[in-house]
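The values are calculated or read from the model by the stated rules, or taken from the named source; none is laboratory data. Not measured: the values here are computed from a predicted model. Cβ coordinates were reconstructed from backbone atoms using ideal geometry, including for glycine residues, and neighbour counts include every protein chain displayed.
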């Protein structure tokens, strides 16, 4: 293992602790040489972690678990000892659904009678809080997420565009992409993770099964640098500078400025995943898209989200 | 065999398609952006997708629908041929097998894709280097002209002076020339101001 560490992230506000740790020198203050790489998909992040092409990454908590269980790839022994954020995921609906003042079940029934295709919603990945939130929310609204609607997967950055062209009627993704769609006038945020499921596990920081994983001092230093960065990012006095850091072309680009108000919806929190949040997520995974049986999933969750010793 | 290529980079996809021409009886289609309906209508046996395509997650979610059922090639190739999956990830290529295609038939497709991705990378690097070389040569020419004008040196002496600066500072000739030009601009700016 070289001295340099390579960490990956996707263009989302909850990647801020990584971006801040790098740009504000929290990694280098702990003698860590870190390079960041923006990736285009969660599947690529998972594969790169699996082969050690990334040493660590910003990752969907359920995907960390699915990867450990060998879903869609060889099982890999990645660990996710800390979360990165709370809040930031939201369900956003097309303004077209507001036109007749109909409820969602009425839309579903109306389309069925008219012989139209089902309403289509997009989430960011099958193993994601966003998928579980949307399904729970639809079910609570009296819509069967399996039989009444179609749920597809799309990259967060493309959600607004898909909504505008009518390919989807709503989506669940992380910020800033909800506020960005709302700001363009085509959509409205209907519900947020912070109301639907406060304290839900969203993104974690995952370490690959690389030699780094066996260097406990360096692992601890990375986590400490991320904690410093999250504290910095939470501080209101740093907001303007945070927006600048997130707006660079290497990070999120201009959307971080135009939808910067979405930062109010996120709390950066680098901490051990609370056991009750892990249990809840495991339960949701088993309900909405299991990668393995219950016992195996619970066992793997206790390994993936275990704190550093 | 039907191969679907999903790659946001059309030039790279063209290279892959050209490379696949030599492999075996093939029908190849390229999509810059994944269109689910078009993909399903084409009915590929193998989907080759660039790691830098944001459509990978969508493609992966199709595993769950019944009509198209791509299995990531990473999964089964790894067991029989260790190293191939890792090589593919590092080359920036992922592949999905849709039906029950035998691993042996996927391998040549994946290998062509990997080698063409590497070739494209090399071409990009070469182009960047050629651009940088050209820029460096221009800076050296301009710096020489500056030294000839300001210090009354002949061309040979101006070049020797630049070489000496470069060796003393342990920096490339082009970089030293660019520094000299930048400083000259600043001094000129101050004189003007």
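Listing for the model above:
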{"quantity": "Selection within segment A:151-169 - crowded, with 24+ Cβ neighbours inside 10 Å and away from chain B (no Cβ under 14 Å)", "calculated": "A:163"}
{"quantity": "Which numbered condition residue A:279 fails, given (1) closer than 24 Å to residue A:213 by Cβ; (2) without any contact (Cβ under 8 Å) to a residue 24 or more places away in the chain", "calculated": "(1)"}
{"quantity": "Those residues of segment A:73-95 which are in contact with a strand residue (DSSP E or B) (Cβ under 6 Å, 6 or more places away or on another chain), within 26 Å of residue A:230 (Cα to Cα) and outside any loop (DSSP other than H, G, I, E, B), in sequence order", "calculated": "A:79, A:80, A:82, A:83, A:85, A:86, A:89, A:90, A:91"}
{"quantity": "Criterion violated by residue A:36 - all others in (1) within 13 Å of chain B (Cβ to nearest Cβ); (2) surrounded by fewer than 24 Cβ atoms within 10 Å (Cβ to Cβ) satisfied", "calculated": "(1)"}
{"quantity": "Only listed residue being at pLDDT below 95 and in the same structural domain as residue A:59 (by TED's automatic domain parsing), chosen from A:247, A:210, A:184", "calculated": "A:210"}
{"quantity": "Members of segment B:13-56 found to be touching a residue at least 40 places away in the same chain (Cβ under 8 Å), more than 14 Å from chain A (Cβ to nearest Cβ) and under 16 Å from the mean Cα position of the chain (by Cα), listed by number", "calculated": "B:15, B:16"}
{"quantity": "Complete set of residues in segment A:233-268 that are under 30 Å from residue A:306 (Cα atoms) and either surrounded by fewer than 19 Cβ atoms within 10 Å (Cβ to Cβ) or free of Cβ contacts under 8 Å to residues at least 24 places away in the same chain (or both)", "calculated": "A:234, A:235, A:264, A:267"}
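Matching residues to (1) farther than 24 Å from residue B:92 by Cα; (2) within 14 Å of chain B (Cβ to nearest Cβ); (3) not in a loop (DSSP other than H, G, I, E, B):
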{"site": "A:8", "(1), (2), (3)": "no, yes, yes"}
{"site": "A:17", "(1), (2), (3)": "yes, no, yes"}
{"site": "A:25", "(1), (2), (3)": "yes, no, no"}
{"site": "A:43", "(1), (2), (3)": "no, yes, yes"}
{"site": "A:49", "(1), (2), (3)": "no, yes, yes"}
{"site": "A:53", "(1), (2), (3)": "no, yes, no"}
{"site": "A:63", "(1), (2), (3)": "no, yes, yes"}
{"site": "A:71", "(1), (2), (3)": "no, yes, no"}
